[in-house]
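See below for the structure under consideration.
Just so you know, all these numbers are worked out from the coordinates, no wet-lab data involved. This structure is a prediction, so every number in the text was calculated from the model and none was measured. All Cβ positions, glycine included, derive from the backbone under ideal geometry; neighbour counts span all protein chains shown.
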Amino acid sequence: MDAILLLVLAGLWIYCLVDAVVSDKNAVRALPKWLWVLLIVTLFGVGAIAWLVFGRPAKAFTGGYEGDTGPARRARPASAPRRLRPVRADRGDEVADIEARIQERDQLLARWAEEDRKRSGGAGSPEG
């Protein structure tokens, strides 16, 4: 039993060490990357667990727009709301971008309100 626990802990340690070494230094949280690697090496299990909880970069949303066939698209649950438009590559016109986001948000809120009304049996109308 102790041998299995030691193997699991060693595997976790190796995973965390490799993950810390290959992570982008600008994405690592809480401490500098070099300090995380040092903590993982010196503190073994405690350093590895601390890396997973406090230092590991947060996963970013990597897609899911129309036409995207990557793993992020397939893994997204059906209940997750979809963006109504893809993010534009050019950010030159900030005002138009802000207005488009506001319009998208308003449409999403209206859709959610309609879904809530349908779920509650359609009784009542929006207060105003």
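Listed from fewest to most Cβ neighbours within 10 Å, the set 116, 2 follows the order 2, 116.
Exposure proxy for 14, 40: other Cβ atoms within 10 Å of each Cβ, ordered fewest to most, give 14, 40. Cβ-to-Cβ counts within 10 Å put 120, 23 in ascending order as 120, 23, the fewest first.
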